[in-house]
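What follows is a short report on a single structure.
None of the figures in this text is laboratory data; all of them are computed from the coordinates on show. Keep in mind it's a predicted model, so treat the numbers as computed, not measured. We place every Cβ from the backbone using ideal geometry, glycine too, and count neighbours over all the protein chains shown.
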Amino acid sequence: MRHLLIRQKIVLLFLFMILLSQAFLSSPQGRPNSEKARFLSYKNFIDKTISPESINRYLKYLTAEPHVASSARNNELANFILNEWKTCGLDDVRLAQYDVLLSFPKEIIVEILSPKKYQLTLKEAGYKEDPDTLRPDVGIPYNAYSCSGDITASLVYANSGNPQDYDLLEKNGINLKGKIALVRYSSPYSYRGFKAYTAERRGLAALLVYSDPKEDGFSRGPVFPHGPWGPLSHIQRGGIPYDFIYPGDPLTPGWASKPGCKRISPEEALSLPKIISVPISAQDALPLLEAMGGKEAPDDWKGALPITYRLGGSQAQVHIKIEMENPIKRITNVVGCLKGSRNLEEFVLVGNHRDAWVFGGHDPSSGTACLMEVVRILAEARKAGFEPKRSIYFANWDAEEFTLTGSTEWGEDNREWIKKNLVAYLNVDSAASGKNFSVRASPSLSRLIIQALKEVEDPVSKQPIYSRWKSGSGEKGTIVVAGEGGKINPIGSGTDHAVFLNHIGIPSLDMAFSGDYGVYHSMYDDYYWMDHFGDPGMMYTATLARIWAHMVIELASSPLLPLDFESYARELENYLNEWASIYDPNGKKSEKLLALIKKMGKKASLITPYIFGSKREEKKHDEETIQKINRLLIEIERDFTLTQGIPNRNWYKHLIFGARYTYAVLLFPALTEAAEAGDENGISQSIIQLEEAIKKATSKLKEISEILEAKNVGI
Ligand SMILES: [Zn+2]
């Protein structure tokens, strides 16, 4: 009896302690220094609960079948995700569907007619080591949104298919009109849609794009199924829409593709190519290159195939017959929400796409498996008492591979709500193809990134990810955070963050662990590839899930939003100095703007300690004051957007971050494009717009610093 009483007392005491800790965790004000402890136990819970085995199970299921957008399997996966998220305990999970223009092949024939007849296989070889590669249902490799047609023409070799490559052919007396160009996926990377756009403008009739082993095959190392690089027959599928003009459904530029909505005709759609394009393997490119004839190509045009690379021109005659169909199809995003404890309007958005060209081992299913795990553990954490203050939305996008379609339509559909309330968008397109952490981001997320990298350890070395990252592994970025190592890449385009960052002005990032990866958009990018080369044991995918979750926790639960405008101002100063060194060497045009940016940096530096540093826990403000400050912080990146958009492609509204047609980042897009075109009017207009934007941001930063510094505020 006595023993029982003691035991009961112990049980009661234990229950009391649990209740106390729960009250403490969800307590709005907490005790001094409690915020730090709360975050630490929240993150510890996450780190321990994330399971590589669980990620592996998700990946296996997601990659079991080909799942291109709008296919039965991809829709089945949408329902699987919907049900998983409901079972996990998300508050509101729903499908967000849109009816959009997609593009599929019915028939593709490419053959050499002379000097020697040869029909291209347009097929990837199967290997018994990986039974998935022997499946008959992997589909015809193709370029989405290619035109249909039936043409016979002579062949030229145009290196990477960039404008200067065609200049060189013309200098060599080769007439490009009506010809077929064979080009290679190049290093440095340029988007295949830019190659199609360039070929169309130069008057070519068709484009054949192949993967040279110099870039992603045997020259780099062992090839699939014995290594991570592409075998000779691998083919890089992919869309070629001109989404550098606008992404999303080509027939609804700037508005959501809801049933019955207005649609423009395909002829009016500026993002639709008017050229034929077919992706081929190095194996199929070899006989084309052999048949080419003409002058020998310059050294830097030569790949690794055992032939003499020639410019072509007249000798080889090639026949292409391609029949495409472009149906309007229903696509399905899955969007779920973990409601915040405070009923705040602001929210954090986390996303990845689901649709794959074939099995999508790395791209995107490693990212989808990572997202599934992040959802599972954040929901688990809430059951254990760790509630986020702000709502967290999770999105699994569809039809990213076509033209960032699912995310773009959803963004356009919910533009006003997103613009008002979205704190940041964190994207993982593909999670891990190696061990090197890489990130592209808005500078406002710099400190958030660095903090997460310091908190999460490398699964092999057990050192923080930050240690190796700052020493420069895999990073060539420019964004520097004062007092920190490592460099973050400024963010261009190419995946689902575009609508959030470039169109609406939301701080955004896209991150991954990267490594040797030579099977991009081929059928070899499958479970076998991930399991043998990309991330055996899913250790780095699990590590990325931890990094992702840590960032989400900070964004969702920090009293003041962890946005870093001090680093942002420093970046702006660097970008402007760089711009001026080329276009304004005596500084006359950019002088005033530079002074305004410096002023912004000074104001931002006053608030940094309250958000990230020594004063973070020093002074507690009432909820209303914190709300007011956060509203101002949210609006700052929006100030960097232009309602009417940048000239010539007004879907893109961000004044600081844009993308070149190649997908590479384009800093000060309107200003730089005006300068490159020698358009003085455009330059002065862009400078004025930037000055206005910086002034607006600075006055908000000033207001915030005054509130934070005021002695009469707070408790
Ligand atoms: Zn992807």
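Worth pointing out:
- Degrees between helix 2-26 axis and first principal axis of the chain (Cα, 0 to 90, nearest 10): 60 degrees
- Centroid-to-centroid separation of region 604-650 and region 344-370 [C-alpha atoms, Å]: 27 Å
- Of the residues 450, 418, 407, the one whose Cα sits farthest toward the positive end of the charge dipole of region 405-460, with +1 on the Cβ of Lys and Arg and -1 on the Cβ of Asp and Glu, is 450.
- Think of region 313-438 as a dipole: +1 on every Lys or Arg Cβ, -1 on every Asp or Glu Cβ, centred on the Cα centre; then among 436, 395, 337, 337 lies furthest on the positive end.
- Centre-to-centre, using Cα atoms only, region 574-597 and region 253-272 are separated by 39 Å.
- Helix axis angle, 591-611 relative to the chain longest principal axis, alpha carbon, degrees: 50 degrees
- Most to least packed among 111-119, 134-142, 571-579, 374-382 [average Cβ atoms within 10 Å]: 374-382, 571-579, 134-142, 111-119
- In degrees, nearest ten, helix 192-201 long axis to first principal axis of the chain (Cα): 50 degrees
- Label-to-label distance for residue 40 and residue 462 is 2.0 nm, based on points extended 7 Å past Cα in the beta-carbon direction.
- Take 695-701, 265-271, 230-236 and order them by the average number of nearby Cβ atoms within 10 Å per residue, most first; the result is 230-236, 695-701, 265-271.
- Cα centroids of region 438-510 and region 63-133: 30 Å apart.
- Overall form of region 352-410 per C-alpha gyration tensor (a/c, 1.5; a/b vs b/c): oblate
- Here residue 53 and residue 680 are evaluated by their C-beta separation; at R0 = 51 Å the FRET efficiency comes out at 0.25.
- Across the options 710, 575, 607, the greatest Cα extent toward the positive end of the charge dipole of the chain (unit charges at beta carbon of Lys, Arg, Asp, Glu) belongs to 710.
- Extension reserve of the residue 627-residue 114 stretch, reckoned as 0.36 nm per residue once the Cα distance is removed: 177.5 nm
- Restricting attention to the chain, close to 60% of DSSP beta bridges with both partner residues there are antiparallel.
- Helix-only mean residue ellipticity at 222 nm for the chain, each DSSP H run of n ≥ 4 adding -39500 (n - 2.57), per residue, nearest 500: -12000 deg cm²/dmol
- Working ranking of peptides 492-502, 65-75 by packing, defined as the average number of other Cβ atoms within 10 Å per residue, highest first, is 492-502, 65-75.
- Using only side-chain charges placed at the Cβ, +1 for Lys and Arg and -1 for Asp and Glu, the dipole size of region 605-654 relative to its Cα centre rounds to 200 debye.
- Charge dipole (Cα centre; +1 on Lys/Arg Cβ, -1 on Asp/Glu Cβ; no other charges) of the chain amounts to roughly 1840 debye.
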